[in-house]
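The numbers here are math on the coordinates, done by the rules we state, and not lab data. Please read these numbers as outputs of a predicted model, since none were measured by experiment. Please note: Cβ atoms are built from the backbone with ideal geometry, for glycine as well, and neighbour counts cover all protein chains shown.
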Amino acid sequence: MRVVEVVEYDPSWPAQFEAERTLLHQTLGEAATAIHHIGSTSVPGLAAKPVIDILIEVADLKALDALNDRMIRSGYTPRGEWGIPGRRYFQKGGDRRTHHLHAFASGDFGLVRHLAFRDYLRSNPETAREYGDLKKSVAKTCLNDLGRYCDGKDAYVKRIEAVAIEEIRPNKPVQRTGAGARR
């Protein structure tokens, strides 16, 4: 059974990502046009599940699909879209997950929203702290049920994601209220 655990920020997470990025460049070659560290482990100071989230931009999802055998040899389990159309999802580490990999074709909104959310949390430490506190609280009460854990933070994530996406839209004034508002 998987344990849902949220821990304090680990300063080794960026180095863990960089090592994995090197492996992924070797595994995927030119199929990967960009590889990004996303998720809570990519935000300095943010409490997180100790799983490195990686976002890969590809020119062609079918070309990525053709590399599933290479991904398996690199320790990843391909999961297909895994509930999100236009995404390819991979897991590493079995029940003791170490990495989640999300891949989208260039221009897909999935790329935009993941990067906007990460960048917003990096630029708004108070919001990141609130989010970390929420995650720790939900992890304590979810009884190791990942669905309950995700549901417990879903509304907060969607609200902050919407603010983050609105903030990056060109020539669009941003109005914020509630959590994440600049004071």
**Within region 2-38, backbone nitrogen closer than 18 Å to the virtual label 7 Å beyond the Cα of residue 146 toward Cβ** = 2-7, 38
**Message:** Can you give the local net charge around residue 64? Use residues other than it whose beta-carbon is closer than 14 angstrom to its beta-carbon, Lys and Arg +1, Asp and Glu -1.
**Reply:** -2
**Message:** Compute the angle between helix 13-28 and the longest alpha-carbon principal axis of the chain, please, reported from 0 to 90 degrees and rounded to the nearest 10.
**Reply:** 30
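Only counting other Cβ atoms within 10 Å, I'd like 100, 36, 25 sorted with the fewest neighbours first.
So the residues, fewest neighbours to most, are 25, 36, 100.
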**Request:** For the pairs 62/140; 92/140; 136/158, note any where the Cα-Cα span goes beyond 29 Å.
**Result:** 62/140
**Request:** Report, to the nearest 10°, how far helix 125-141 tilts away from the longest principal axis of the Cα atoms in the chain, using its own Cα long axis and a range of 0 to 90°.
**Result:** 80
**Asked** Against the longest principal axis of the chain, how steep is helix 109-123, in degrees 0 to 90 to the nearest 10, with axes from Cα atoms?
**Response** 50
**Message:** When 1/r is averaged over all different Cα pairs and the result inverted, which Kirkwood radius in Å belongs to the chain?
**Reply:** 17.2
**Message:** With just the Cα atoms defining each centre, how far is region 1-28 from region 38-58? Give it in Å.
**Reply:** 8
